[in-house]
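In what follows, a single structure is set out as structure tokens and then discussed.
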Amino acid sequence: MKAHATHLRTVLLISSLVGCGSQPAPTVDIWTATATGNYKVVEQYLASGTDANLKSPQTGGSLLGFAVAKGELEIVKLLIGSGTDVEITDGGGGTSLHTAVFMGYSDIADFLIKQGADVHATDNSGVAVADMLLIDFDASEEILQPVNQALSESLQITLEPITLASGRERCRELLKQHGVN
């Protein structure tokens, strides 16, 4: 009986120290966790029931689109694995594949395509995924400056033409492999 009482006190003490297996609430919101690649926090939100297809009420952008824009491949994989629709669109009807190709993230584009992303998708204005490759940032500072300003303010991203060019070339080859001319 004494051994049983000692065991019970030990179990109660451990339970109180561990918190019965519950994790503390995240200290950052899911958007910040997604943007900073905080896999554990995003995973915690999704495990607690946050909709993997969550969209921003301000922009209509999705968590997936945000993760893609930030270049967070592991978060992209986590979201897709948690049920995010690979074809979820942003406020303008663009898909995450549009974003990956625009940003030159060939590794993310490849993953999205392997998950079923439509390489022929168009946004609400009729802009196809491959059209994202036609924006020539080297040709006009007038194009790059306002895009950089908008991305810097909303996502803290600055586009570098040299980096974009090499990634976009890999995206061009990837799209060709999947029947896009």
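The values are calculated or read from the model by the stated rules, or taken from the named source; none is laboratory data. Note that this is a predicted model, so its numbers are computed, not measured. Because the Cβ atoms are built from the backbone with ideal geometry, glycine has one as well, and the counts that use them run over all protein chains shown. Note: areas computed on protein heavy atoms with side chains; ligands, DNA, RNA excluded. Shrake-Rupley method; radii C 1.70, N 1.55, O 1.52, S 1.80 Å.
Is it the case that L54 is modelled with pLDDT under 95 and either over 15 Å from L174 (Cβ atoms) or of a type in the set (K, R) (or both)? Working first, answer last.
Numbers: modelled with pLDDT under 95: yes; either over 15 Å from L174 (Cβ atoms) or of a type in the set (K, R) (or both): yes.
When the stated conditions are applied, L54 passes them.
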(request) Please state which of the following conditions L175 fails to meet, knowing it meets all the rest: (1) within 25 Å of V41 (Cβ to Cβ); (2) modelled with pLDDT of 70 or more. (result) (1)
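On the basis of being surrounded by 11 or more Cβ atoms within 10 Å (Cβ to Cβ), in a loop (DSSP other than H, G, I, E, B) and at pLDDT 90 or above, does T84 make the cut?
Details: surrounded by 11 or more Cβ atoms within 10 Å (Cβ to Cβ): yes; in a loop (DSSP other than H, G, I, E, B): yes; at pLDDT 90 or above: yes.
So T84 fits the description; yes.
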(message) I'd like to verify a number: residues in segment 55-71 that are open to solvent by 50 Å² or more (accessible area, probe 1.4 Å) and free of Cβ contacts under 8 Å to residues at least 40 places away in the same chain, how many?
(response) 3
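Table: residues versus (1) modelled with pLDDT under 95; (2) open to solvent by 40 Å² or more (accessible area, probe 1.4 Å); (3) within 14 Å of the chain's Cα centre (by Cα).
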residue	(1), (2), (3)
L97	no, no, yes
V129	no, no, no
L133	yes, no, no
D138	yes, yes, no
(request) Taking V119 as the residue in question, decide whether it is modelled with pLDDT of 95 or more and surrounded by 13 or more Cβ atoms within 10 Å (Cβ to Cβ). (result) yes
